[in-house]
Amino acid sequence: MIYRNLVLLGVFAISLLAADAVADAKKKLAEKKYDEAITTLEAAYKAKPGPEVKKTLAEAHLAKGDSFMYNESLPPRQKYAPALRSYREVLKYDAANKKAKENIATIEGIYKSMGRPIPQ
């Protein structure tokens, strides 16, 4: 009985940790601290891969990709490869993400039109 209660307490604590991680990550995303948000969420995801953490991880990678893709101050050679990596990460957590798929296709099309290899 004591063991069962300890297990339930541990599960509850991990659930609270995940909820705190999501809230903290959303705050960091609002501050445009994408890498910090992703690090926080990845740790929570390893501890307990719940749907809310997974969804927020996809959102964080999408926001990071967009921060490169739509950054007018970056030249194309500095923004497309990191944006592509981030959009691919989105699909690891949300395989149906339409925006990530569209942006991947756009970036790959740009590389193909230039006759350059698509970064992996």
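Can you confirm whether Leu6 is in a helix (DSSP H, G or I) and modelled with pLDDT under 85? Reasoning before the result, please.
Working: in a helix (DSSP H, G or I): yes; modelled with pLDDT under 85: yes.
When the stated conditions are applied, Leu6 passes them.
When you scan the range 32-59, how many residues do you find that are out of contact with any Lys or Arg (no Cβ under 8 Å at 6 or more places or on another chain) and acidic (Asp, Glu)?
3
When the residues of the range 57-94 are filtered to those that are out of contact with any Leu (no Cβ under 6 Å at 6 or more places or on another chain) and hydroxyl-bearing (Ser, Thr, Tyr), which remaining residue is nearest to Gly109 (Cα to Cα)?
It comes out as Tyr80.
Taking interchain pairs and intrachain pairs at least six residues apart, which have beta carbon atoms under 7 angstrom, with the first residue in the range 71-91 and farther than 16 Å from Arg116 by Cα and the second small (Gly, Ala, Ser) and buried (at least 17 other Cβ atoms within 10 Å of the Cβ)?
From residues that are farther than 16 Å from Arg116 by Cα, the pairs are Ala83/Gly65; Ser86/Gly65; Tyr87/Gly65; Tyr87/Ala100; Val90/Ala58; Val90/Gly65; Val90/Ala100; Leu91/Ala100.
I'd like to verify a number: residues in the range 38-52 that are touching a residue at least 24 places away in the same chain (Cβ under 8 Å) and under 17 Å from Tyr87 (Cα atoms), how many?
Residues that pass the stated criteria total 1.
The values are calculated or read from the model by the stated rules, or taken from the named source; none is laboratory data. What you see is a predicted model; the values in this text were computed from it and never measured. When we count neighbours, we look across all protein chains shown, and the Cβ atoms used for this are built from the backbone with ideal geometry, even at glycine.
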